[in-house]
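The structure under discussion appears below in the form of C-alpha cells.
Any read-out appearing in this document is the output of simple, stated calculations on the displayed coordinates, not a laboratory observation. Remember, it's a predicted structure, so these values are computed and weren't measured experimentally. Neighbour counts are summed over all protein chains in view; Cβ atoms, including those assigned to glycine, are modelled from backbone coordinates with ideal geometry.
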Amino acid sequence: MMAKQEVSATKRLRQIVNVISKNHFLVNFYHQTNPEVIVAALEELGPTFIKLGQLLSTRPDLVSPSYISALETLQDQVQEDDFDTVKTTIEESTGQTLAELFADFEKRPFASASIGQCHRAHLHDGTEVVVKVQHPAVR
C-alpha cells in the first residue's frame, strides 16, 4: 500500500499534468501564444506556479512583451479568496473575531498575489492598517 504522502504527491502530479495538457501549456508557451491561457493555468496550479509566472514577467530575454504584460497581472491581481474564507482564516489564527480585532474591515481586498491578499481595516483606536491574509492553499 502506498503511503499517504505518496498518494498526495501522485494526485498533485496528475493535477499538474491535466492542467498543462488542457491548456496546451507547452505549445502556447513555446510559440508565445495565448498568454492569458498560460496565466489562467498558472493561477489554477497555485502559489508555486504563480511565483514562476511572476519571475518570468521580469525576464524579457525569455518571454515576449505580450507574455510579460499578461504575467505581470500575477504580481497583484491573483484570484482573491471570498470574504468568509478570509474571516475564518483571521479568526482561527488569532482566536478573536473580526469585530474584536477591528472597528471596520473591508471585505474586498485591494490586492491579491500568490501568497495572500491585502485588506484595509481600522483598529478600534482609529489607526488605519493593512491586513495581509495568507491564502488557505499556501503551506
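Observations
- Stretch gain in nm, segment residue 101-residue 62, where the contour uses 0.36 nm per residue and the Cα spacing is subtracted: 9.5 nm
- Sites matching GluC sites (Glu not before Pro) across region 31-139 that sit in DSSP coil, with at most 10 neighbouring C-beta atoms within 10 Å: none
- With a threshold of 23 Å on the Cα-Cα distance, the over-threshold entries among 51/87; 87/132; 4/132; 11/107; 107/132 are 51/87; 4/132; 11/107.
- In order along region 102-118, phi translates into HN-Hα couplings of 9, 6, 8, 8, 5, 5, 8, x, 8, 7, 9, 10, 5, 9, x, 9, 10 Hz, rounded to whole numbers, per the Karplus curve 6.51 cos²θ - 1.76 cosθ + 1.60 with θ = phi - 60° and x for Gly and Pro.
- The C-alpha atoms of the chain define a longest principal axis, and helix 83-94 lies at about 70 degrees to it.
- Projecting label points 7 angstrom from Cα along Cα→Cβ for residue 108 and residue 51 puts them 3.0 nm apart.
- Region 82-121-region 16-42 distance, computed between alpha-carbon centres (Å): 32
- Over the chain: helical MRE at 222 nm, DSSP H runs n ≥ 4 each giving -39500 (n - 2.57), nearest 500: -15000 deg cm²/dmol
- Computed from Cα atoms, the angle from the helix 35-45 axis to the main principal axis of the chain rounds to 60 degrees.
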